[in-house]
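Below is one structure; the comments refer to it alone.
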Amino acid sequence: MRLSGRGVKCIRGGRQVFSGLDFAAAAGEVLAVTGANGSGKTSLLRLIAGLLSPAEGTIALEGGDAELMLAEQAHYLGHRDALKPALSVLENLIFWRDFLGGEVFQAGQSLEAVGLDHAAHLPAAYLSAGQRRRLSLARLLAVRRPVWLLDEPTAALDAAGQELFAGLMADHLGRGGLIVAATHGPLGIAARELRIGAAT
Amino acid sequence: MTALAALIRRDIRIALRVGGGALIGVLFFLSVVVLMPFAVGPDLKLLARLGPAILWLGALLASLLTLDRLFTADHEDGSLDLIVMSRTPLELACAAKALAHWIAAGLPLIVATPVLGLLLNLDAPATSAVALTLLAGTPALTFTGMIGAALAVTLHRGGLLLAVLVLPLSIPVLIFGVAASEAAITGPQTFGAPFAILCALSLFSFVIGPFAAAASLRQGMD
């Protein structure tokens with residue numbers, strides 16, 4: 001499996017964010033997207049996720065499931081964590097697991113893996129920022145998708161959480177997954193760096 | 001199917017919990033209809049004549065009031081991104097969301113109608129006629145309103161825009177809903193013809209609504 005982009009150009013709000021961007025990542029690899037604020041890291045992830053369309057160029061996944069689009073084989077972990085404060089931790093997770101579908105796992109186990117099993121029945125409104133992030137990570141574990149698109153995944157995580165997350169990423173890569181992560185800090189795992197130039 | 005059932009279950013659950021929209025719509029409906037007899041005065045004949053129109057207006061405004069959160073809430077917390085990316089076609093997801101909204105916010109209005117009918121001096125057959133037209137017509141309000149909600153999704157305080165966009169589409173529903181109820185109460189026209197058109201409007205909106213809403217959501221993703 002190989003994710004690649006050729007000559008990708010992104011225009012948002014009439015302003016060119018980046019152009020002529022080439023990148024590639026194979027199964028078992030992490031592509032760390034770095035760059036200054038506003039350089040287009042999030043835009044790149046949203047382009048790969050199919051939430052934006054490139055003004056020029058193509059993004060393709062080779063060797064995935066031929067019947068599914070790239071977006072349908074990807075997990076997107078954005079700034080906003082897609083959690084409903086009125087629902088409990090477990091209800092939030094079970095909803096996303098059932099809605100996203102495909103190859104799914106026990107919600108309880110996923111919560112345990114991110115260290116949130118003690119809070120399973122707490123409404124999500126009472127979670128701290130770090131706990132919300134952990135709950136979002138549990139979604140990646142409850143449903144298997146080969147491509148993970150992570151936007152600042154370690155933001156708000158404590159040291160133990162970052163270590164745990166590095167382990168989860170290693171497991172995912174070991175199963176033949178690939179990861180594209182926009183980040184400022186170290187991910188705690190060997191990664192190929194893709195630097196997006198300053199905005200022009 | 002599990003995906004759509006999960007979406008419907010989640011939306012209903014959120015609507016029924018504290019801070020959800022379901023109760024707001026019913027309370028608004030209640031206050032509009034309860035205030036009306038005080039504003040119109042104690043003329044029982046006049047109240048009975050205006051009754052169906054008042055109930056319909058209340059239901060229309062109540063459904064508009066809660067519709068603007070249909071997609072905005074999911075957009076603000078990022079859920080909409082994941083729904084767009086998922087393997088479920090966006091049209092079906094929109095239809096599921098509208099159905100959940102109708103069950104949580106539309107059905108309670110119909111359940112409240114018999115009680116409110118008493119305040120408007122409507123007898124039992126008249127009240128059941130109004131309830132029946134609301135049952136047939138409010139889905140059309142939800143499914144056409146969904147188009148406006150999808151267009152206004154990226155705007156903060158899109159509620160007013162939603163009202164402006166959706167009201168023209170709801171006028172036919174209002175006309176035939178009130179016409180059918182009045183035909184059943186006072187005659188002389190038959191109940192069947194306007195009621196059939198009302199049902200047709202609902203069926204029409206089931207088809208158009210999800211496609212139009214999904215198209216405008218895709219346009220709005222940026």
Notebook entry, point to check: Modelled label-to-label distance, B:Ile175 and A:Lys9, 7 Å Cα→beta-carbon offset: nm?
Noted result: 5.0
Checklist line | Residues of type lysines that A:Lys9 reaches as a straight line, Cα spacing below 27 Å, ignoring anything fewer than 8 places off in the same chain | finding: A:Lys41
Check: For the protein assembly as shown, what's the radius of gyration and Dmax over Cα atoms, in angstrom?
Finding: 25.2, 81
Note to self: Suppose we keep just the DSSP beta bridges with both residues in the protein assembly as shown; what percent of those would be antiparallel, to 5?
What the structure shows: 50
Check: Simple spin-label model, 7 Å along Cα-to-Cβ: A:Ala27 to A:Leu122 in nm?
Finding: 3.9
Margin query: Within the range A:107-140, list the residues whose amide N lies under 17 Å from a label point set 7 Å along Cα→Cβ of A:Glu163.
Written below: A:113-116
Next item on the list: Would you mind checking the tilt of helix B:124-151 against the longest principal axis of the Cα atoms of chain B, expressed as 0 to 90 degrees and rounded to 10?
Entry: 30
Next item on the list: State the Kirkwood hydrodynamic radius of the range B:143-222 in Å, one decimal place, computed from all pairs of distinct Cα atoms.
Entry: 13.9
Next item on the list: Indicate the gyration tensor shape class of the range B:1-130 (rounded, prolate or oblate), computed on the Cα atoms with a ≥ b ≥ c the square roots of the eigenvalues: a/c under 1.5 is rounded; otherwise a/b larger than b/c is prolate and the rest oblate.
Entry: prolate
Margin query: I need B:Val26, A:Val114 ordered by Cβ neighbour count within 10 Å, fewest first.
Written below: B:Val26, A:Val114
Check: Quick one: if you stick a label point 7 Å off each Cα along the C-beta vector at B:Met1 and B:Ala124, how many nm between them?
Finding: 3.9
Next item on the list: Return the loop-located trypsin sites (Lys or Arg not before Pro) in the range A:30-88 (DSSP other than H, G, I, E, B) with at most 12 other Cβ atoms within 10 Å of their own Cβ; answer none if there are none.
Entry: none
Notebook entry, point to check: Stokes-Einstein D for chain B at 4 °C, 1.567 mPa s, Kirkwood Rh over Cα pairs, in µm²/s?
Noted result: 73
Note to self: If each DSSP helix of 4+ residues adds -39,500 (n - 2.57) and the sum is divided by the residues in the protein assembly as shown, what number results at 222 nm, nearest 500 deg cm²/dmol?
What the structure shows: -19000 deg cm²/dmol
Next item on the list: Quick one: order A:Glu193, A:Glu72 by neighbouring beta-carbon count within 10 Å, fewest to most.
Entry: A:Glu193, A:Glu72
Item checked: In Hz, Karplus ³J(HN,Hα) per residue of the range A:17-32 (6.51, -1.76, 1.60; θ = phi - 60°; x = Gly, Pro) -> 8, 8, 8, x, 8, 10, 8, 7, 8, 9, 4, x, 10, 10, 9, 9
Checklist line | For chain B: relative contact order, % (alpha-carbon pairs under 8 angstrom, 6 or more apart) | finding: 26
Notebook entry, point to check: For the Cα atoms of chain A, what angle does the longest principal axis make with the long axis of helix A:159-174, in degrees from 0 to 90, nearest 10?
Noted result: 70
Notebook entry, point to check: Taking the Cα centre of each part, how many Å lie between the range A:1-60 and the range B:93-146?
Noted result: 47
Notebook entry, point to check: How large is ³J(HN,Hα) for each residue in the range B:106-123, as worked out from phi by the Karplus curve 6.51 cos²θ - 1.76 cosθ + 1.60 (θ = phi - 60°), to whole Hz, x for Gly and Pro?
Noted result: x, 4, x, 4, 5, 5, 6, 4, x, 5, 6, x, 4, 5, 9, 6, 9, 7
Check: Once Rh is set to the Kirkwood radius over Cα pairs, what Stokes-Einstein translational diffusion coefficient, in µm²/s, holds for the range A:2-195 at a temperature of 25 °C and a viscosity of 0.890 mPa s?
Finding: 143
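Where a number appears in this text, it was derived from the coordinates with a stated rule and is not lab data. These figures come from a predicted structure and were not determined experimentally. Virtual Cβ from ideal backbone geometry, glycine too; neighbours counted across all protein chains shown.
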